[in-house]
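All remarks here apply to the structure that follows.
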Number of protein chains: 2
Amino acid sequence: MSFFELIHEDKNTGARAGIMHTDHGDILTPVFMPVGTQATVKTLDQTDLYNLDSSIILANNYHLHLRPGEDLIDSVGGLHKFMNWNRPILTDSGGFQVFSLGLQKEQKGQQGKLVKIDEDGVNFRSHLDGSSHRFTPESAIVCQRKIGADIIMAFDECTPDNADYKYTKEAMERTHRWASRCLQEHKKDVNHHGYKQFLFGIIQGAKHEDLRKESAQYISNLDFDGIALGGESIGYNMEATENILRWVMPIIPQNKPRYSMGVGLDPADLLKAVSGGIDMFDCVAPTRLARHGMLFVSTKEDSKRRLNIKNSVFSKDLSAVSKECSCLTCKNYSRAYLHHLFAAQEVSGLRLASIHNTHFMLDLMRQARKAILEDKFSEFIKNF
Amino acid sequence: MSFFELIHEDKNTGARAGIMHTDHGDILTPVFMPVGTQATVKTLDQTDLYNLDSSIILANNYHLHLRPGEDLIDSVGGLHKFMNWNRPILTDSGGFQVFSLGLQKEQKGQQGKLVKIDEDGVNFRSHLDGSSHRFTPESAIVCQRKIGADIIMAFDECTPDNADYKYTKEAMERTHRWASRCLQEHKKDVNHHGYKQFLFGIIQGAKHEDLRKESAQYISNLDFDGIALGGESIGYNMEATENILRWVMPIIPQNKPRYSMGVGLDPADLLKAVSGGIDMFDCVAPTRLARHGMLFVSTKEDSKRRLNIKNSVFSKDLSAVSKECSCLTCKNYSRAYLHHLFAAQEVSGLRLASIHNTHFMLDLMRQARKAILEDKFSEFIKNF
C-alpha cells in the first residue's frame, strides 16, 4: 500500500480527497492538524484530542530540541509514548522557528546576530535562555528521528518576503541542497522507533513566480513522501498564497500529499487552499484566537464568522456559541457562561474556547471531504 | 425523608457515614467538596467533575455577587443552569471573603478602612475594582437565594485569631444575632428556583473554649439544616481545629450534617476532622497546590505524601504520578510528561495536576466512608 492514496478529485476546483496511511493510523484528507508545539495542543490534553477525533497533530522540532530535548524523548521511546498520543504526529523541522524567533529577538535590539547561516547549517540561540545551538540538515533529521513523528519535514531556510531577489534565490538554492542532504540522512534509518517515518520536502522562493516554479520543480524531482509549501506569506497573506498555489500546482506530482504550512488564520482560508489543491494544513491561530475569546461560528450566526465572547452582549446569552456545533463546549455551555469565564480570567474558559475552535476546523475539513466525494465542493464553498 | 440520614457511627472515633438528600441528588458523607469560587473549579470544566464523580461542589456568594452578579444568575435560572452542573452546589455566604479580602487590601496600605461593620451589616469594597457594596444577613441570604445553591450558609463575621477576647465575644454575639436573621429571611422563600435550599449556621468564637461552646450551643438551638465550623484557624491550624472539634461536638446535635470550612490543606487533615465527627469539607489547597506542581501520593510513594513534579528527578520518570490512582491523569500520562508541561509552562499541566489532586481528595473520602461502614476506620487511618 502506498503512503498516499488519491481517492477523488473535484471537477470544478483543484480540491481532492485522499488518505495517508501511517503505522499510527490513517489520515483522511483534506485535514486540519492542530498544533501542539511543545508536545501539547495548548490548554488541551490528548483525551480532548481523541474526543475531537483529530487524526493527526503537530509538534515542533525546534521547541522539543530545546525542551525537553530529543535524547530524553528518544530514551522514553519517542513522542507518541512521551505524550500518550497513539495517532499520527507531524513535526516541523524548526527551520521557520530558528529564523523567526531569532529575528524577533534581533529586532528587539539584542546585540550580535542570533542566527548565522553557512552552507553547512545554522547557528542559533535559544529563545528560552540564549544558549547556543546548531542545526544542519542532517542534525535536524536526526533530531526528528529521535522525536519520532510519523511525518517529518526537511530543514529549510524560510526567507522573509522583504528579502531581495538575489538573497531569496541564494537561500532557495541552499534550501534545495539541504533538501537533498535531508533525504540522504533520512534514508539511513526510516524506522528508528520501529515504525516508518515519512519525509516531506518544502518549496520556498517567497513571492517570486520564477523561484517558486523552480523550487517546485526541484523539490518534486526528489524522492520525498510529500510536498510542502513554506514561506512567510503562506497562510498570512492569502492573495499571495493563492497565487503561489496557481504557480506550483501544475508542477507538483498528483500522487503525493500537499501541505501548506501555516494556513488557517481564518477558516475560509482552508477552503481556498483546498480549492487550490492542498491536502494538509496547520495553524496556531484557531487555538490562539480561542485564548483571546474569538470563537468561530457560521456565516448565518455572524457575518464575520467569529464572535468576541468577551463582548458584554453575551453576558445573558444562554445559547451555545454555535447552534450548529456538536463540540463539548457547545453541547454543555452557554455564551453567557463562557463570557463569565473570560471576564473572571478563568483558565477553564481558555480550554473550552480552544475545544470549540479546534472542533470547528477539524469539522470543516470533514465536511469539505464529504462535499468533494459527493462532487458538491463548489456548492459547499458557496454556502459557507 | 429528612435532609440528613446518619447511616453509621464508628465505635472507636467520632467518624460517621451519612447521606444528605437534595433535589439535585444525594451526597454520601464524609465528602470533600471541590471549590469552584467563580462558578468553575479552577482549570476544570463540569464534564471533568462528572468524570471525577464529585457529588457536590462549592461556589462563593461574595465572588458571584461581584461577578457576574446574582441578578444575572437568577435571570438565567440559577447557578446549576448557568454553569451546567446538575448535582448539588453549596455557596459560602461570603462572610469570610468580605473580611479576609478586605483585610488583605488594608494590610497592603490602601487608605481608608475597606470593611465597616455595624449591627445591621457590613460595608465592603470589591477586591476587583474598589466599588462599594453592602451585605446584611438578609441581603446575603437573598443573594444566595438568587444564585440558587442547594445548601447556603448564614452570613457571619470571621474574626481573626489575634483579635482580643472582648472583640471576639462581641463579634460572635453579633454573628449569633445575624444567624437568627438569616434563618428568618431564609424561611420566606426556600424554593425560589423550584427546588429546596438548605441553610447551615456557622459556629464562631476563634480559639476560646468558652466562646466556641457558647456558639455551638446557640447555633445548635436554632432551626438550621446543618452546622458549620468557621474561623481563621479551622483547617489552617489542625491542632487548634482538633481542640475546637473536641469542645463543640458534644453540643452539636447528631442528626444534622457537620461541615468544617476550609479543611483540606493536607489530605491527612480530612481524616483528622472525620475522626472528630465532621461530615463535609472544602479547601482550595488541593487545586492550588496542583497549579504549583505539588501532587498528592500515598505514604508508600513518598514519605511526605506529595511530589513536586517540577523537580528534575521526574524528567525521565515514565511511571504515573501515583500507581494506585485511577484518575484521568494517572491513567494517561507519566511523571515525565507532567514535568515537561510544568517546565514548559503549559496550561494543560495545571488541569491534569488539578484533576489528580481533586480525585485524590474525593477518593480518600470514598475510601474513608467504606472503612467507616465496615468498622475499619481506625485501621484505615493507621494505613494512611
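For this structure, a couple of remarks:
- Residues with amide H under 5 Å from that of A:Gly235, placed H, sequence gap 5 or more: A:Thr241
- Integer Hz, Karplus 6.51/-1.76/1.60 couplings in order for the stretch B:88-99, x for Gly and Pro: x, 10, 10, 10, 6, 5, x, x, 4, 5, 3, 7
- Karplus-derived 3J(HN,Hα), 6.51/-1.76/1.60, for each residue of the stretch B:30-43, Hz, glycine and proline x: x, 9, 9, 10, x, 9, x, 2, 9, 6, 7, 6, 3, 6
- When the Cα positions of B:His63, A:Leu270, A:Gly77 are compared along the charge dipole of the protein assembly as shown, B:His63 comes out farthest toward the positive end, with charges on each C-beta of Lys, Arg, Asp and Glu.
- For the axis carrying chain A to chain B: nearest C-beta residue of A, whole Å: A:Val347, 3
- Within the stretch A:162-182, backbone nitrogen closer than 17 Å to the virtual label 7 Å beyond the Cα of A:Glu239 toward Cβ: A:162
- Only one residue of A:Val190, A:Ile117, A:Tyr167 has its Cα farthest out toward the positive end of the dipole of the stretch A:51-194, where Lys and Arg carry +1 and Asp and Glu -1 on Cβ, and that residue is A:Ile117.
- Cysteines having no other Cys beta carbon under 4.7 Å from their own, within chain B: B:Cys143, B:Cys158, B:Cys182, B:Cys283, B:Cys327
- If you model the stretch B:194-306 as an ellipsoid using its alpha carbon gyration tensor, with each semi-axis the square root of five times an eigenvalue, the axes come out at 28, 17, 12 Å, biggest first.
- Over the protein assembly as shown, the alpha carbon radius of gyration divided by the compact-protein estimate 2.2 N^0.38 Å works out to 1.10.
- Diffusion coefficient (Stokes-Einstein, Kirkwood radius over C-alpha pairs, 37 °C, 0.692 mPa s) for the stretch A:18-141: 206 µm²/s, rounded to a whole number.
- Computed over the stretch A:267-310: relative contact order in percent, which uses C-alpha pairs under 8 Å that are six or more apart: 26 percent
- Within chain B, helix-based [θ] at 222 nm, where runs of 4 or more DSSP H residues each add -39,500 (n - 2.57), nearest 500: -12500 deg cm²/dmol
- Toward the positive end of the charge dipole of the protein assembly as shown, with +1 on the Cβ of Lys and Arg and -1 on the Cβ of Asp and Glu, the farthest Cα among A:Met249, B:Thr22, B:Thr241 is that of B:Thr241.
- Residues with amide H under 5 Å from that of A:Met261, placed H, sequence gap 5 or more: A:Leu229
- With contacts taken as Cα pairs under 8 Å at a separation of at least 6 residues, the stretch B:4-282 carries a relative contact order of 18 percent.
- Two-site FRET efficiency, B:Gln184 against A:Gln217, from Cβ-Cβ distance with R₀ of 60 Å, rounded to 0.05: 0.10
- Per-residue extension of 0.36 nm, minus the Cα-Cα distance of A:Lys382 and A:Ile7, leaves a gain of 132.7 nm for this segment.
- Cα centre as origin, Lys/Arg/Asp/Glu Cβ charges: the stretch B:229-346 dipole, Debye: 280 debye
- Residues B:Thr287, A:Thr329, arranged from fewest to most other Cβ atoms within 10 angstrom of their Cβ, appear as B:Thr287, A:Thr329.
- Along each principal axis, Cα extent of the stretch A:237-384, largest first, Å: 52, 27, 23
- Amide H partners (placed H, <5 Å) of B:Arg306, local residues excluded: B:Val297
- Comment: the Cα-to-Cβ extended label point of B:Lys166, at 7 Å, lies 9.0 nm from its counterparts in the other copies, nearest first.
- Residue-wise HN-Hα coupling along the stretch A:367-377, computed from phi with Karplus coefficients 6.51, -1.76, 1.60 (Hz; x: Gly, Pro): 5, 4, 4, 4, 4, 4, 5, 9, 6, 10, 5
- Inter-copy label distances at A:Phe384, shortest first and taken from points set 7 Å along Cα to Cβ: 5.5 nm.
- Bins of 10 Å, starting at 0 and running to the largest distance - Cα pair percent for the stretch A:290-361: 23, 63, 14
- Legend: ranking of residues A:Trp247, A:Trp85 from fewest to most surrounding C-beta atoms inside 10 Å; resulting order A:Trp247, A:Trp85.
- In nm, spacing of pseudo-spin labels at A:Asn84 and B:Gln345 (7 Å Cα→C-beta vector): 2.6 nm
- Annotation note: chymotrypsin sites (Phe, Trp or Tyr not before Pro) in the stretch B:1-46 located in DSSP loop regions with a Cβ neighbour count of at most 10 within 10 Å are absent.
- Mean Cα-pair separation over length for the stretch B:290-361, i.e. relative contact order, pairs under 8 Å, 6 or more apart, %: 36 percent
- Cα pair distances exceeding 39 angstrom across chain A, given as percent: 15 percent
Bear in mind that the values in this text are calculations on the coordinates, not laboratory data. No experiment lies behind these values; they were computed from the predicted model shown. All Cβ positions, even for glycine, are placed from backbone atoms using ideal geometry, and neighbour counts span all protein chains on display.
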